[in-house]
Amino acid sequence: MRFRSLGRLILGLWLVGMQSSAGPLPAEGWLQSHDLKGLPGGGYSALHLSPDGLRGLVMTDKGGLMRLSLTRDAEGRITKVKAGRLEPILDTNGKPLRPGQNDTEGLAVAADGRLWISTEGTARVLAFDALGAVPQRMRRPMVFARFPPNTAFEALALSPQGELWLIPEAPLTPGLLPVYVWSGTDWEERHTLKADPFWLVADAAFDDRGRLYLLERLFAGPAGFASRLRRFDIGATEGEVILRTPLGAHDNLEGLSLWRDTEGLRASMVSDDNFLKVFRAELVEYRLPD
């Protein structure tokens, strides 16, 4: 066992002991957790909601996308989620992504309906003119091949200025996460973010003020998952932790969408049930400090 893996195990066991005496209550700012049981698919890896929080897309990590329609009460709480048909994500030949190529993780959606999807397995990004369209292949720099199959591009985010940001689950260089920005013709490493070896990147999103939010997860065996959100000013390497959930409060939160209601900034997150009944697929919402 390598020292890094041993350190993670020791920390995980310590956290299990710390958590066992306290209930897995949500963190401050929690608004609700809505069960998605019965929706098509599973293994949800990415989420995009409209600016009013009533429409959206959810993606699976087996190459599927579906539209969502949300009903909310007067206080903004979700009362019903209606899903459209689970649509296969197509490859550049117009066929559904095949196994081994369909680990779809990151999703970015523009106001005009264009969307971009990042994958693990083969670390790459596909560009679509619309949902259901045949994608265009974006250039794949040689450095992308250095990422291990299951720690590549979990996070894909579109800034208010229209910049597409791509962030891996774990760094190639210990301590520093590379941020690749699409120049229009190529991916360029323009920024780095401080990485924590115990927290892995799950997703990223920008708020309407141009700040970057990084959704990260920690897994501690029987105690389950903890999640946190770090907020970065543009160009900053150090981020501020603005949300940290206790172990076991939620399952593996993988997808993040930010939007603003009359009360302020809201984070909507979807959990990945790994296609297993022992895990929960749910839509979790928190009020964020602004």
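In table form, for the structure just shown:
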read-out: Cα gyration tensor shape for the range 3-287, rounded if a/c is under 1.5, else prolate or oblate; value: rounded
read-out: The range 47-92: trypsin sites (Lys or Arg not before Pro) in DSSP coil with no more than 13 other Cβ atoms inside 10 Å; value: R77, R85
read-out: Neighbour-count order for H191, H48, fewest beta carbons within 10 angstrom listed first; value: H191, H48
read-out: Loop sites in the range 124-232: trypsin sites (Lys or Arg not before Pro), DSSP, at most 14 other Cβ within 10 Å; value: R139, R209
read-out: Net charge contributed by nearby residues that have their C-beta within less than 14 Å of A133 (K/R +1, D/E -1); value: -1
read-out: Additional length obtainable on full extension of the chain from D233 to N150, 0.36 nm per residue less Cα span; value: 27.1 nm
read-out: In nm, spacing of pseudo-spin labels at R72 and D196 (7 Å Cα→C-beta vector); value: 2.8 nm
read-out: Pair A111, D208: separation of 7 Å Cα→Cβ label points (nm); value: 1.1 nm
read-out: Overall form of the range 24-100 per C-alpha gyration tensor (a/c, 1.5; a/b vs b/c); value: prolate
read-out: Cut-off of 10 Å, at most 15 other beta carbons, DSSP loop: longest stretch of the chain lacking such GluC sites (Glu not before Pro); value: 76-162
read-out: ³J(HN,Hα) computed for each position of the range 237-243 - Karplus, 6.51 cos²θ - 1.76 cosθ + 1.60, integer Hz, glycine/proline x; value: 8, 8, x, 9, 6, 10, 8
read-out: Cross-link partners of K37 among lysines (Cα-Cα below 19 Å; sequence separation of 8 or more within a chain); value: K62, K80, K82, K277
read-out: Vicinal HN-Hα couplings computed from phi for the range 253-268 (Karplus, 6.51 cos²θ - 1.76 cosθ + 1.60; Hz; Gly/Pro x); value: 6, 10, x, 10, 9, 10, 7, 10, 10, 5, 9, x, 7, 10, 9, 10
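Rule-based calculations on the coordinates, nothing more; no lab input. Remember, predicted model here, so these are calculated numbers, not experimental data. Cβ atoms come from the backbone with ideal geometry, glycine included; neighbour counts cover every protein chain shown.
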